[in-house]
Amino acid sequence: MRIDIITVLPELLEGFLNESILGRAQKKGLVEIHVHNLRDYSTNRWRRVDDYPFGGFAGMVMQCEPIDRCISQLKSERHYDEIIYTSPDGEQFDQPMANTLSLKENIIILCGHYKGIDHRIREQLITKEVSIGDYVLTGGELAAAVMTDAIVRIVPGVIGDEQSALNDCFQDNLLAAPMYSRPKEYVGVDGKSWGSVPEILLSGHEAKIKEWEIAQSLERTRQLRPDLLEK
Ligand code: SAH
């Protein structure tokens, strides 16, 4: 799959996208992520992409032309399944949306800044508006990073063990079971025991461990997120 991110702050995204699992996914050729500097599409001699809002409101608004030029250029090169605008009033991003988007071939994510973008862009070019939560950020870059991370990690092959993304939180509307690693018994810095790992996990009995995992998932979901069980 291919993700094109349009931003006025490409350097904010580049470090994040090129490290760790996302970086490796690109090197392995499993995903292509391209970051476009919106200022490259400005026709203004100072590379401006924003202007005062009509109506005398405070702040600045991102203008139609640079965004139109950038998205038109991308659309002339390939078909896009979704052109997403990150926006606090958009549909709430969640695991099912990440799953759906991870099956797409090509998507664009447009990051807003300042007071947002000229509303006509949303009407003419955007096919989906997505919020990462009910709070307001200074720009859409963190939202684009969050979405890209969640989408790319479930593209087949990106996480080593194919199974490992399937038992994460929110797949099947369940929270994940607790995980333990070595040592079996840990004594804290203060000298007190932190208890030992559940015996069943040391048994090597695959079916029983699976049963334990499901029971733990259900119990944690019932306690912490009962709303998920109603879905
Ligand atoms: N005036 C706008 C907020 C602008 S914030 C309003 O009240 O709706 C600047 C930019 O940050 C937005 O254009 C959007 O792209 C991004 N942004 C802010 N909060 C966000 C959120 N919760 N989810 C996704 N993007 C967000």
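The values are calculated or read from the model by the stated rules, or taken from the named source; none is laboratory data. All values reported here derive from a predicted model rather than from experimental measurement. All Cβ positions, even for glycine, are placed from backbone atoms using ideal geometry, and neighbour counts span all protein chains on display.
What about Ala150, is it within 16 Å of the ligand (Cβ to nearest atom) and in contact (Cβ under 8 Å) with a residue 40 or more places away in the chain? Talk me through it step by step, then tell me what you get.
Details: within 16 Å of the ligand (Cβ to nearest atom): yes; in contact (Cβ under 8 Å) with a residue 40 or more places away in the chain: yes.
Criteria met by Ala150.
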- Candidate set from the range 117-127 (those that are within 12 Å of the ligand (Cβ to nearest atom) and not β-branched (Val, Ile, Thr)); member that is surrounded by the most Cβ atoms within 10 Å (Cβ to Cβ): Asp118
- Within the group Asp68, Asp81, Asp51, Asp89, which residue is in the same structural domain as Arg153 (by TED's automatic domain parsing), over 14 Å from Ala145 (Cβ atoms) and exposed (fewer than 13 other Cβ atoms within 10 Å of the Cβ)? Asp89
- Query: Checking Ile117 against (1) closer than 28 Å to Asp172 by Cβ; (2) touching a residue at least 40 places away in the same chain (Cβ under 8 Å), which test does it fail?
  - Reply: (1)
- Query: Among all residue pairs at least 6 apart or on different chains, which show Cβ distances below 8 Å where the first residue, located in the range 36-62, is farther than 30 Å from Arg2 by Cβ and the second is β-branched (Val, Ile, Thr) and buried (at least 17 other Cβ atoms within 10 Å of the Cβ)?
  - Reply: Asp51/Val61; Tyr52/Val61; Pro53/Val61
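Name the strands (runs of 3 or more DSSP E) wholly within the range 6-116 that hold at least 2 residues that are farther than 16 Å from Val152 by Cα, out of contact with any Asp or Glu (no Cβ under 6 Å at 6 or more places or on another chain) and within 13 Å of the ligand (Cβ to nearest atom)?
Numbers: elements: 32-37, 82-92, 106-110.
Because the criterion is at least 2 residues that are farther than 16 Å from Val152 by Cα, out of contact with any Asp or Glu (no Cβ under 6 Å at 6 or more places or on another chain) and within 13 Å of the ligand (Cβ to nearest atom), the strands (runs of 3 or more DSSP E) in the range 6-116 that meet it are 82-92.
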- Item | Among (1) under 15 Å from Glu219 (Cβ atoms); (2) of a type outside the set (S, T, N, Q); (3) over 33 Å from the mean Cα position of the chain (by Cα), the one test that Glu199 misses | (1)
- Item | The one condition in (1) touching a residue at least 12 places away in the same chain (Cβ under 8 Å); (2) surrounded by 14 or more Cβ atoms within 10 Å (Cβ to Cβ); (3) under 17 Å from the mean Cα position of the chain (by Cα) that Gly23 fails to fulfil | (1)
- Query: Within the set of pairs 6+ apart or on separate chains, which have a first residue in the range 177-197 that is under 17 Å from Lys208 (Cβ atoms), a second that is surrounded by 10 or more Cβ atoms within 10 Å (Cβ to Cβ) and of a type in the set (A, V, I, L, M), and C-beta atoms under 6 Å apart?
  - Reply: Tyr180/Val197
- Task: List the strands (runs of 3 or more DSSP E) that sit entirely inside the range 128-231 and contain at least 1 residues that are in the same structural domain as Ser102 (by TED's automatic domain parsing) and modelled with pLDDT of 95 or more.
- Result: 128-131
